[in-house]
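Here the structure comes first, spelled out in structure tokens, and everything after it is commentary.
The values are calculated or read from the model by the stated rules, or taken from the named source; none is laboratory data. Since we're looking at a predicted model, the values are computed, not measured. Heads up, the Cβs are rebuilt from the backbone with ideal geometry, glycines too, and the neighbour counts pull from every protein chain shown. Ligands, DNA and RNA are stripped out before the accessible areas are found, and what is left, the full protein with its side chains, is counted by its heavy atoms. Shrake-Rupley method; radii C 1.70, N 1.55, O 1.52, S 1.80 Å.
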Amino acid sequence: MRVLGVNAVFHDPAAALVVDGLVVAAAEEERFTRRKHGKPPVPFATWELPERAAAWCLAHAGLVPEELDAVAYSYDPALAPAAGPDVTADAWEGLRTLYAERAPRFLHSVMPGLDPACVRFVPHHIAHAASAHLAAPYLRSSVLVLDGRGERASHLAGRSVDGELEVLAAQQLPHSLGLLYEEVTDHLGFRRSSDEYKVMALAAYGTPSWLPKLREAVRTTGDGGFTVAPIDLDTLAKRRREGERWTGEHADLAASVQARLQEVLLELAAWLHAQTGDRDLTMAGGVALNCVANSYLAEQGPFERIWVQPAAGDAGTALGAALHVAQALGDRVASMSTAALGRGWTDDELAAWLTTAKVPYERPADLAEAVAEVIAAHGVVAWFQGRSEYGPRALGHRSLLANAGRAENLERLNDVKGREQFRPVAPMVLGERAAAVFDGPLPSPYMLFTHRVRPAWRQRIPAVVHVDGSARIQTVERAEEPLLARLLEAVERRTGLPVVVNTSLNTAGRPMVDDPRDALECFGAAPVDALALGPLLVRRAALFRQ
Ligand SMILES: [Fe+2]
């Protein structure tokens, strides 16, 4: 079966293609349109589809829309508030429903030849859940989904056995842990539905002084759900305007909401485990991108292993919806083995891009050695290899790499990217070396957990140690990422450090680099020292010797 998954309803529009149960392509629309998060999360934008991501997925597989057996749309308007006579009522909620109902026709208009009757609506949280339990490498798992909202709920707890999901609990709106975190994000002067990870980073600078108050407001209900009472955030910390300096009071609010989120997550996981007795937990939904909470759950919670969908936000529902429908149509679906499901180019195509741009390049005999040399000499390298990644993390295909031993590199990378200085950058490390340097859940291939840096290493890799002594690591397996593994070894031979700084290849406010043009634009605009475009190496110094 050929099933195209589509996420379009809120934000992070994305498409994913599953053929005969295998994920063959998945990509976010923002990587094509260069508009961060694809579109604003407002009801008016519900009609906007991931046109270019969907077209690319089909082209990648050599398919035309007529050949699709189904399109899986990750929202079911039949479960949402009815459109009613006034679509402006309830903050335009009816308009969202109306647009979602019309999605088959909109899809037909952007994919001529598509049969609108092949569009299937998949409930939002079923799509999130499928992106976890069907994509994870487990035959059975407990499943936890937490986000801002779906049609009428903000949470799902269930169990999956051989791919069949049994829903055990679902929390209805208005109670939502994701929306509470979004409120705090907005209150602290960051962008709602976008910058929640900044609140998580800021939390490390504060103390959870408002935890008792948050414990009163946010409670689990003993039946797998929870309630969130309205909280007047102004009484906890002064609203911060965008661009204003943050103060200890802001960090304390961030720390308080982060601490309560972790506690509630633990209580929800404990309830779920009491129902299922499962060894493994799979997770998705925007809240599952909170890697500090994930680590807390991994260490304090009842499950032995936790697998989090790398595209845990709404983009991942395109993949989940496609997997769900493929299975419903009788395919046996396979777990995903990599997040590198986006676009890639051949070496010749990459060389042609550089030739067209009149950019001088080398073809080093050993790229890993040549790049390690630049990193060891304290250079920053833009690293563009293979297919781009699905989800918000750079995992070594579209990355900025630097020497973790140099403390100034944190400030330099945040400057290169135009980011706030309180934000940490993350390390990558060979899987076999990770336990010697970091303490926390392993392996961690998708950067969805934080780890404590072992005391002996803190002074040695200052660029990647957050203020609380943690680091959000990516473990690299040689069999899966041979070039990255060789690069890590080559850097260690020169610096004695088994760790390299890895942060996403983009500048502030822009989506991650996806195609060679983006890479050249980013390289041209940001003060990085070299660009490794596939096997080709561009050195900034050489550009000025022309
Ligand atoms: Fe969601």
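Brief remarks follow.
- Distance between modelled label sites at Leu543 and Glu408, nm, 7 Å Cα→Cβ extension: 2.1 nm
- Neighbourhood charge, 13 Å Cβ-Cβ cut-off, centred on Arg478 and excluding it, Lys, Arg +1 and Asp, Glu -1: -3
- For the chain, relative contact order (Cα pairs under 8 Å, six or more residues apart, normalised by length) works out to 15 percent.
- In this structure Arg486 has an accessible area near 100 Å², from a 1.4 Å probe over the protein heavy atoms.
- Whether the stretch 249-311 is rounded, prolate or oblate, judged on the alpha carbon gyration tensor where a/c under 1.5 counts as rounded: prolate
- Taking every DSSP helix (H) stretch of at least 4 residues in the chain, weighting each as -39,500 (n - 2.57) and dividing the sum by the residue count yields a mean residue ellipticity at 222 nm of -10500 deg cm²/dmol.
- Rolling a 1.4 angstrom probe over the stretch 300-366 with all protein chains present gives an accessible area of which 47% lies on carbon and sulfur atoms.
- For the stretch 80-167, the carbon plus sulfur part of the accessible surface works out to 55%, probe radius 1.4 Å.
- The stretch 149-164 and the stretch 372-439 have their alpha-carbon centroids 34 Å apart.
- For a label point 7 Å along the Cα-to-beta-carbon line of Arg458, residues of the stretch 492-513 with backbone N under 20 Å: 497-501
- Computed label-point distance, nm, for sites Lys358 and Arg140 using a 7 Å Cα→Cβ extension: 6.6 nm
- Count of lysine pairs in the chain with Cα separation under 20 Å (8 or more residues apart, or interchain): 5
- Potential lengthening between Asp347 and Val110 on full extension [0.36 nm per residue; Cα-Cα distance subtracted]: 82.2 nm
- The residues packed around Trp353, meaning those with a beta-carbon under 12 Å from its beta-carbon, carry a net charge of -4 if Lys and Arg are +1 and Asp and Glu are -1.
- Rounded, prolate or oblate (a/c below 1.5 giving rounded, otherwise prolate when a/b exceeds b/c) for the stretch 35-191 by Cα gyration tensor: oblate
- Spin-label pair Ala328-Ala78: with each label point 7 Å from Cα along the Cα-Cβ axis, the two points sit 0.9 nm from one another.
- Global form of the chain, assessed from the alpha-carbon gyration tensor, a/c cut-off 1.5: oblate
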